[in-house]
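K.L.:
First the structure, which I've put down as structure tokens, then a few questions once you've had a look.
Readers should treat all values here as calculations from the given coordinates under stated rules, not as data from a laboratory. Keep in mind the model is a prediction, meaning the values are calculated, not measured. Please note: Cβ atoms are built from the backbone with ideal geometry, for glycine as well, and neighbour counts cover all protein chains shown.
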Amino acid sequence: MTLPFYSSAQTAADKKVQAGLTFNAGANFLSPSSTRIKKNGAGYIVSMGLTLHSAFKSSPNLAIATGLEFDFGKNKFSLNDYTFADYDDGEYLTKEQAETYDTDVTTNYLTYKIEGRDISTTKLTIPLMLLFRTNFIGDFRYFIKCGIRNTFLLSHSIEDSGRQLGGNSDNNFLMTSPGEIFFYNGSIGLTSGAEWDFIGSTCLVLEAGYYYGITPYFLNRKDENKTMYNIGSELIFPPSRSYYSASARQNQLIFKLSILF
């Protein structure tokens, strides 16, 4: 009875390359680096894709873990009580666009007082991790990973809560604001988990990890391309505007389930 069990474990242990499918779920945490925005709870991330473990020839206990994952996530934050943005036809206007509107009497725009913002994103992630693992103990072996998640923005949408100036509605507005989010997000992380050789050389992998953002989540835009602003306190009309970009980094807690062949 011990021979088939031993053979199964050895089959998985002897494979230099394992590839398969992965599913991730977890939480996003924005860490503001500006007093103009503040945390508003956790967002979420769900993703699916392909994963690959490739062992080093000189050591089966050391490997490279990588893959290709599509992430669907959300982040949310609150703004101070006096943040405004101008918009027209569902798109926020940059400072440059608003100034152009102001000089053209044939055009007009609306102003929105923003109190909270939800950002939904679709991203492509390529993790690159070092994998340190034990030998099989029965049907199981255990591991830790450390490395970086390289994430690239594919698309996003913005949903704001607040009030249109001169209006009576507090409804959310689904808006677009191109260029608000940094195209690339890098985060370094540490994960741990277990690999179960449950049939032949097919393994089920469960892991949990935390990733710390090392690049800005938002793009620090040029002044003429910023959309959000505060109004000055001086008694002049029209009041002065101080445009700014949101500033934060993203941390993540991710649970990962993979099947390797």
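K.L.:
Considering only segment 12-55, state which residues are in a strand (DSSP E or B) and of a type in the set (Gly, Ala, Ser).
P.N.:
ALA19, GLY20, ALA25, GLY26, ALA27, SER31, GLY43, SER47, GLY49, SER54, ALA55
K.L.:
When you go through ILE114, ILE126 one by one, which is the residue that is within 18 Å of PHE182 (Cα to Cα), of a type in the set (Val, Ile, Thr) and part of a strand (DSSP E or B)?
P.N.:
Being within 18 Å of PHE182 (Cα to Cα), of a type in the set (Val, Ile, Thr) and part of a strand (DSSP E or B) holds for just one of ILE114, ILE126, which is ILE126.
K.L.:
Out of LEU30, LEU62, LEU79, LEU110, which single residue is closer than 22 Å to PHE152 by Cβ and not basic (Lys, Arg)?
P.N.:
None of the other options fit; the residue is LEU30.
K.L.:
From (1) in a strand (DSSP E or B); (2) over 30 Å from ILE45 (Cβ atoms), pick out the condition that doesn't hold for ASN108.
P.N.:
Evaluating ASN108 over (1) in a strand (DSSP E or B); (2) over 30 Å from ILE45 (Cβ atoms) leaves (1) as the failure.
K.L.:
Please give the number of the condition ASP197 fails out of (1) crowded, with 18+ Cβ neighbours inside 10 Å; (2) under 30 Å from ALA63 (Cβ atoms); (3) out of contact with any helix residue (DSSP H, G or I) (no Cβ under 8 Å at 6 or more places or on another chain).
P.N.:
Result: ASP197 passes all but (3).
K.L.:
In segment 161-261, which strands (runs of 3 or more DSSP E) lie fully inside it and hold 2 or more residues that are over 15 Å from ILE119 (Cα atoms)?
P.N.:
Working: elements: 173-175, 184-199, 202-213, 228-231, 241-244, 248-260.
Once the strands (runs of 3 or more DSSP E) in segment 161-261 are filtered for at least 2 residues that are over 15 Å from ILE119 (Cα atoms), what remains is 184-199, 202-213, 228-231, 241-244, 248-260.
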